[in-house]
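The values are calculated or read from the model by the stated rules, or taken from the named source; none is laboratory data. Keep in mind it's a predicted model, so treat the numbers as computed, not measured. Heads up, the Cβs are rebuilt from the backbone with ideal geometry, glycines too, and the neighbour counts pull from every protein chain shown. Note: areas computed on protein heavy atoms with side chains; ligands, DNA, RNA excluded. Shrake-Rupley method; radii C 1.70, N 1.55, O 1.52, S 1.80 Å.
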Amino acid sequence: MAVEVSNNHKQQKATERTPRILVFACKWCGLIGADGAGRKREPLPPNFRVIPVECVGSVEPDAVIRAFADGMDGVIVMGCHLGGCRFNDANHAAFKRLELLRALLEGVGIGRDRLLVTFGTAHEGHQFTDVLRNFTNLIAKKESLDTSWTSSRARMI
Amino acid sequence: MKNITVFLCTCFDEINRVVDYERLCSHLSDDPRVAAVTVSRGLCVSGGAGEIGASVKSGDGRVLIAACSPLARGDQVMRDLERAGVPAFRRHLVDLREGCAWIHGNNPAAATEKALDLLNMGLTALEYKEPSADVTLKIADEVLVIGAGPAGMAAATALARCGVDVRVLERGAQPGGMLGLVSRSYPDNTDPSEKIAAFRDLAASDPRITFHSKVKIISARGYAGNFTVRFTAEGEELQAHAGAVIIATGGRVFPPKGYYRYGEVREVVSQIELEARFRKGPVKKENAVFIQCVGARCEERPYCSTICCPASIKNAMRIMDENENARVWILHRDIMMPGTTLEAYYKKAMERGVRFIRYAESDPPRILGDEAVETVEVRDDITGDRRTIPADLVVLSTPLIAGTDAEAIGDLFGIQRDSYGFFREIYPLHPVETRIDGVYICGSARWPVSSEQAMVQGEAAAMKAAALVGRQTIRASEFSRVPGAKFGHARVNEDTCSGCGNCAAVCSFDAIRLQRRSGEGEFRMVSRVIKVRCKACGNCLSVCPNGSMQMPEMNTKALYGMVGKAFS
Amino acid sequence: MKTQQAMIDQAKSLLKKLLEDGEATAVFGLARGMGGVTAPRIFTMPDELDSLVLEPKWPLAKPAMEILRTAPGGYRLAVVCRGCDERALVELIKRNQVDADALVMVGVACSGEQASICLCDRPYPSKLDIGEAAHGVDPFDDPGVKYLLEGDTHTRMGRWERVLKRCVKCYGCRNSCPICVCDPCKLEGEPWVRRGIIPTEILSFHLIRAFHLADTCVACGACQEACPAGIPLVTLQHAMRRALREGFEYEAGLDVNEKTPVLFDFIQAPEKDRPIPDWINTLRD
């Protein structure tokens, strides 16, 4: 089938690029975890960028979609443990929303594992490095994500 | 527009050891948004923030600081900038030390690339950040205390002593709450009616305390500093305008229906019924058996009610006082007597000869007898022996559960309740505060506590309320969990809002209200943000389908801009 | 099984009674007019109902909302609802777009044939007045849905790419959706329509459109029917509808008082059956 052929072509392109990972980290836990990793000077792959947010509640699902549209291969959303949110239960609200987005991403073939929603506390800095390394490995094993295609009409315009 | 001044901190060569600052500088000075780039050795020690603030204060200047993480010294620099008059929307911090140099020390080229991206992200965010409009509120002088049990009485007394006007609303005819139901309070063994009488006298004599009995609350609205509560007191409709509300509505005793043949055989009573007997006169019994954890620490109510063990020990000794030949057993699953006083109390009971037998939850005691209780059969969980105890009185210790009106009160004021119906304080470490600023909780409405602890909590809540109403005015931005941490509040674009109500539903702080659009015949709603309540978590903007809800300091444009520049 | 004519007769007498009793100011349904053309119509007089028909399927929820928006006070509209119309109206009531008091829903059952065309698992309204409920179809049994939703993600991404590339960005899916009500829509301006890139990335467009309806989509299929390029848009929704059903036992549009799990019922401690990923457990087997 024609589709599968074009996929193979893409797979070759995939392996050449290191995965790009975007981290939305909540200021109260995720960011402190990142800070903890930094203070230990743990060597980390430089393929991730952290966007600090006040709370994972403010991570719009649309912003995650935007991240994939802008060429990210994976997105991590890091918040506080349930019951540990500075904003009452905003983290669980975010979790439910993003779970649904994961279902959509799985449906459309991006794959639910490219969006990781995970909760931790500020003292779990060593785990930040673990999460990041494991996620990078997981994404690196996958084919590169190409969402840059537009409609066939677009090219004619 | 060239309005962004960039300050690059080298952190005494900690950062530029890895990141190529020359490249950063040349890249930044080419950027059309950047007015100037300054490299500094240590922004945090030179006290430079004040100077930075002064230099960008005029006009629309914005500052991008590239330094260490906010947890190290970054936040301190930001706070200095705040003090120097640079508000949150005009400053941005980029973490180049913990977030870049220190973790990518083995790859300087990639670290420099990353630093460039991070700076670009910061510039884009600064380009789009907007200020949230702050509001200043007047604060009403009065504090409303709902419930005149031990917690409410203590709160009202403390407030009156501080010179704060306080209005107490009590559902019953008299103050006292659960204190009025017990014969003696533990561990001091005093008659609680003295405390109630003292409060009644104070309420009558102190002009600062207004006491209303037989109160039914009709409605409550408003926010910190301005609560309006309508209620009826003895049938008369009244209104209170309060700056803060203390909720001390207490709990109630779980009735032991269906446990240990309660109601089937005589002389099987609940702890609170025993208290009533004591209040009537001496209770002379030969063999009394107390059974602990009746309907507590089970699947439905896994919590420990904390007051039943001390109460049983108190009443066990009282029975011994009234009949020196009486024998008393306490059948328990664990004796919970924490702290120095209660532990001493427990020891005293053992010395007096109260017998403690531990039973297992899986093998509870059995009540034997036809009309009245005759014996109690129990398996000692420690020795494994099965014992039959003669009994002419069995007392069932049941836990406190949420009050009957907890749900209504919670809904009126927007306070959340836990899965057992008790009011929930906010996490972490704010024991008497709720998610609604200006509404405080204390006593058994919050969690089962003894009268002594309820009083302590009442006083704590009173001090929180006094700290609020002691001020004349307050800015909405001051309502923050962490001082100085709130950076703005949500703003709704009323022209584009479709009134779907997603934001109002998801708000964790009950800060968004749906209102009918005025001046239009159509059935259309619009949301309004109560700025005082908003804590800027951003949940609302995440569920807004068309971006009508924005957090000005981190709006969609800024966020998407940062996403777009992440790997540029 | 009742014949089509018997159903129409039943509907006519029921609706006439509504108008005569003053229960409704008007009836909104389909009418066969001059030259046999069928179109939606507002019936205000009982006699006009003679031209009422029930077929074909025509999404009536959105026009009903528009009628009610500009209606004077005290106006009550009876709407002839299929299952999906009813569910869409319920969602609109939940989202404060329709005044529930101004609405009378008259439920009509769909035929089994219609259900298999729509891949509808619930081809009847909860309040069924006319006809008999037919058996629903599980959309996940459909080979077309399976082709796009089941199997290796990368292969499916290619399949979706081929399907979605047909999009002409006419916004027909959005306009026909009974639940899309925002004005302006997020997909009309910055930052989603980027300057110099016309149109927006197709994938983002469809992901955003689909996600904004995540917990409100009633799978009526209006978007799909409106699409000139024949993109199976409801299939995207099925993925999320399944997640909601499995994770939260929730389905959109069933009950006005049922609250969506996306906006309500947040917890502060992990529950037994619903694990929350903690960092410590993340990505470890």
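Per-residue answers, yes or no, for (1) buried (at least 19 other Cβ atoms within 10 Å of the Cβ); (2) in contact with a Leu (Cβ under 9 Å, 6 or more places away or on another chain); (3) in a helix (DSSP H, G or I):
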residue: C:ALA210; (1), (2), (3): yes, yes, yes
residue: C:ARG242; (1), (2), (3): no, yes, yes
residue: C:GLY247; (1), (2), (3): no, yes, yes
residue: C:GLY253; (1), (2), (3): yes, yes, no
residue: C:GLU258; (1), (2), (3): no, no, no
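Please enumerate the residues belonging to the range A:122-157 that are open to solvent by 40 Å² or more (accessible area, probe 1.4 Å), at the interface with chain C (Cβ under 7 Å from one of its Cβ atoms) and modelled with pLDDT of 80 or more. The answer is A:ASN134, A:LEU138, A:GLU143.
May I ask you to verify whether B:GLN416 is within 14 Å of chain A (Cβ to nearest Cβ) and within 26 Å of B:ARG252 (Cα to Cα)? So B:GLN416 passes the test.
Just to confirm my filter: which strands (runs of 3 or more DSSP E) fall fully inside the range B:39-139 and include at least 2 residues that are within 29 Å of B:ARG491 (Cβ to Cβ) and at the interface with chain A (Cβ under 10 Å from one of its Cβ atoms)? Talk me through it step by step, then tell me what you get.
Working: elements: B:62-67, B:91-95, B:136-138.
Qualifying strands (runs of 3 or more DSSP E): B:91-95.
Here the condition is being in the same structural domain as C:MET240 (by TED's automatic domain parsing), touching a residue at least 24 places away in the same chain (Cβ under 8 Å) and open to solvent by 20 Å² or more (accessible area, probe 1.4 Å); of C:GLY144, C:GLY172, it holds for C:GLY144 alone.
Is it the case, given these coordinates, that A:GLY83 is modelled with pLDDT under 90 and not in a loop (DSSP other than H, G, I, E, B)? So A:GLY83 fails the test.
Considered as a group, the residues in the range B:18-37 that are exposed (fewer than 15 other Cβ atoms within 10 Å of the Cβ) and out of contact with any Ser or Thr (no Cβ under 7 Å at 6 or more places or on another chain) include one that is farthest from B:GLU113 (Cα to Cα), and that residue is B:PRO32. Restricting the search to strands (runs of 3 or more DSSP E) fully inside the range B:215-331 and requiring at least 2 residues that are of a type in the set (Val, Ile, Thr) and open to solvent by less than 30 Å² (accessible area, probe 1.4 Å) gives B:226-233, B:244-247, B:268-270, B:287-291.
Annotation note: Cβ proximity below 9 Å between a residue of the range B:7-20 that is over 18 Å from B:GLY122 (Cα atoms) and part of a loop (DSSP other than H, G, I, E, B) and a residue that is open to solvent by 20 Å² or more (accessible area, probe 1.4 Å) and of a type in the set (Asp, Glu) (sequence gap 6+ or interchain) occurs for B:ASN16/B:GLU22. Take the residues of the range B:191-214 that are of a type in the set (Ser, Thr, Tyr) and open to solvent by 20 Å² or more (accessible area, probe 1.4 Å): which is farthest from B:ASP141 (Cα to Cα)? The residue in question is B:SER193.
Does the range C:59-72 include one or more residues that are within 14 Å of chain A (Cβ to nearest Cβ), open to solvent by 20 Å² or more (accessible area, probe 1.4 Å) and in a helix (DSSP H, G or I)?
Within the range C:59-72, the subset within 14 Å of chain A (Cβ to nearest Cβ) is none.
Checked the range C:59-72: no residue is within 14 Å of chain A (Cβ to nearest Cβ), open to solvent by 20 Å² or more (accessible area, probe 1.4 Å) and in a helix (DSSP H, G or I).
The set of residues in the range A:88-97 being part of a helix (DSSP H, G or I) and either at pLDDT 95 or above or more than 7 Å from chain C (Cβ to nearest Cβ) (or both) consists of A:ALA90, A:ASN91, A:ALA94.
Assess whether B:ALA460 counts as being under 30 Å from B:ALA296 (Cα atoms), without any contact (Cβ under 8 Å) to a residue 40 or more places away in the chain and in contact with a Pro (Cβ under 9 Å, 6 or more places away or on another chain).
Yes.
Does A:ARG86 qualify as being at positive phi and open to solvent by 20 Å² or more (accessible area, probe 1.4 Å)? For A:ARG86, the condition - at positive phi and open to solvent by 20 Å² or more (accessible area, probe 1.4 Å) - is not met. Between C:ALA115, C:ALA134, the distinction of being of a type in the set (Gly, Ala, Ser), under 15 Å from C:GLU55 (Cβ atoms) and under 17 Å from the mean Cα position of the chain (by Cα) belongs to C:ALA115 only. Filter the range B:510-546 down to the residues that are facing another protein chain (nearest Cβ under 9 Å), surrounded by fewer than 20 Cβ atoms within 10 Å (Cβ to Cβ) and not in a strand (DSSP E or B) and list them by number. Within the range B:510-546, B:GLY521, B:GLU522, B:ARG524 meet the criteria.
B:ALA88 is checked against (1) free of Cβ contacts under 8 Å to residues at least 40 places away in the same chain; (2) among the small types (Gly, Ala, Ser); (3) more than 24 Å from A:PHE48 (Cβ to Cβ); (4) open to solvent by less than 60 Å² (accessible area, probe 1.4 Å) and fails just one. What number does that condition carry? Among (1) free of Cβ contacts under 8 Å to residues at least 40 places away in the same chain; (2) among the small types (Gly, Ala, Ser); (3) more than 24 Å from A:PHE48 (Cβ to Cβ); (4) open to solvent by less than 60 Å² (accessible area, probe 1.4 Å), B:ALA88 violates only (1).
Here the range C:106-121 is the region considered, the condition is being buried (at least 20 other Cβ atoms within 10 Å of the Cβ) and either touching a residue at least 40 places away in the same chain (Cβ under 8 Å) or touching a strand residue (DSSP E or B) at 6+ places or on another chain (Cβ under 8 Å) (or both), and the residue that is nearest to C:ALA24 (Cα to Cα) is C:VAL106. Cβ separations smaller than 6 Å between residues 6+ apart or across chains give the following pairs from the range A:34-51 residues that are at the interface with another protein chain (Cβ under 7 Å from one of its Cβ atoms) to residues that are open to solvent by 40 Å² or more (accessible area, probe 1.4 Å): A:ASP35/B:LEU71; A:PRO43/B:ASN106; A:PRO46/B:ASN107.
Kindly indicate which of B:PRO431, B:PRO399 is without any contact (Cβ under 8 Å) to a residue 60 or more places away in the chain and touching a helix residue (DSSP H, G or I) at 6+ places or on another chain (Cβ under 9 Å). Spell out the reasoning first.
Details: B:PRO399 fails: without any contact (Cβ under 8 Å) to a residue 60 or more places away in the chain.
None of the others qualify; the one that does is B:PRO431.
A single member of A:LEU100, A:LEU116 is of a type outside the set (Phe, Trp, Tyr) and part of a helix (DSSP H, G or I), and it is A:LEU100. Listed by first and then second residue, the pairs linking a residue in the range C:147-160 that is within 7 Å of another protein chain (Cβ to nearest Cβ) to a residue that is of a type in the set (Val, Ile, Thr) and buried (at least 21 other Cβ atoms within 10 Å of the Cβ), with Cβ atoms under 8 Å apart and 6 or more places separating them unless they lie on different chains, are C:LEU149/C:THR235; C:THR153/A:ILE110; C:ARG156/A:VAL108; C:MET157/A:VAL108; C:MET157/A:ILE110; C:TRP160/A:VAL108. Just one of the listed residues (B:MET549, B:MET554) is in contact with a strand residue (DSSP E or B) (Cβ under 6 Å, 6 or more places away or on another chain), within 13 Å of chain A (Cβ to nearest Cβ) and within 30 Å of A:PHE48 (Cβ to Cβ), and it is B:MET549.
Here the range A:99-116 is the region considered, the condition is being open to solvent by less than 10 Å² (accessible area, probe 1.4 Å) and among the hydrophobic types (A, V, I, L, M, F, W, C), and the residue that is farthest from the other protein chains (Cβ to nearest Cβ) is A:LEU115.
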